[in-house]
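Rule-based calculations on the coordinates, nothing more; no lab input. Everything numeric in this text was worked out from a predicted model, so none of it was measured. Methodologically, a virtual Cβ is constructed for each residue, glycine included, from the backbone with ideal geometry; neighbour enumeration extends over all protein chains shown.
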Amino acid sequence: MPFLLRFLLSLPTVLLAMSVAQGHYTMLLPETPSAKKGVPVTLIYQWGHPFEHQLFDAPPPARLAVFSPDGKEQDLTAALEKVKVVATGDKGVNAYRLRFTPEQRGDYTFVLSTPPMWMEEDKEFVQDNVQVVLHVQAQRSWDINTGQRFKLVPITRPYGLQAGTVFQAQVQAPPLAAIAGPAGPTWPLRPLAWSLVEVERYNIQPPERLPPDEQITRTCKSDPNGVVTCSLPEAGWWAITAQRPGPARVRDGKRYQTRERATLWVFVDKNPTAGPSQ
């Protein structure tokens, strides 16, 4: 049986295994979702469980880039500063910090890529592409094309949202044949139907009580057009993460699955208090 056909037949099993795996997430968070031209902003890259605020050492990123409102790309990897952040029990863990000064009005999209990361508990590799938009006074370029092979493209503007908002994005990736063979820049992107998507909120400190697991990480799937629809019921940062099987990798002489993930971080504002009507 040809490799690609065997892969397609096994895909439901692979996706089911993904749905029950307890994974970590890559967090790329600005100190504020909106900024002003010429005013420095700090972004933090950290690794762990967002809802539980359980942090671990963040692996060195493969690359960090920013796309300015005029479409220009800038590599910021060398500008990252390794820092310690407080994790559970006052333990310090490794994270990375970026100081960035926007020079234009409009929306800046930051994209961080990780190397393949070995997950011992799940016996698999995870590789992340993470995007977050920093809004700078003018609403333009929040849906800019970042050129990633696997990504979530916002359909709903990813800022200026209120609690209870219904949010939509489209999952895009190369065709499945790219997994069986060499995947290069010539592979066209297309909507990825039925992709498993996880939705989780980030807490700035560990909650006193944890709800059941199904209330921590919510799951849904993209529709036949690759569009994922989810509600964001509370204020704060939310991770919307699509995933798909990637190429197998060898560790200690054995082949293991790679789980490719694309995360879009979205900020929800506190609902404003309505004043008296005029």
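About the Cα centre, and with charges only on the beta carbon of Lys, Arg (+1) and Asp, Glu (-1), how big is the dipole of region 50-155? Nearest 20 debye, please.
Roughly 340 debye, rounded to the nearest 20.
With 10 Å bins beginning at zero, the pair-distance distribution over Cα atoms of region 3-269 amounts to 6, 30, 38, 21, 4, 0 %.
The Cα center of region 195-244 and the Cα center of region 51-72 differ in position by 18 Å. Here's the picture: charge each Lys and Arg Cβ at +1 and each Asp and Glu Cβ at -1 in region 3-269, and of M27, A248, W238 the one pushed furthest to the positive end of that dipole is A248.
The Rg/Rh ratio of region 74-117, with Rg taken over Cα atoms and Rh as the Kirkwood radius over Cα pairs, comes to 1.07.
Between the listed residues P115, H135, N94, the Cα displaced farthest toward the positive end of the dipole of region 64-154, a dipole computed from Cβ unit charges relative to the Cα centre, is found at H135. Put a plus charge on the Cβ of each Lys and Arg, a minus charge on the Cβ of each Asp and Glu, and nothing anywhere else: the dipole of region 103-231 about its Cα centre is then about 560 debye. Judged by the mean number of other Cβ atoms found within 10 Å, the most tightly packed of the peptides 259-267, 154-162 leads the ranking 259-267, 154-162. Here region 3-269 is assigned +1 on the Cβ of each Lys and Arg and -1 on the Cβ of each Asp and Glu. Its dipole about the Cα centre then comes out at about 640 debye.
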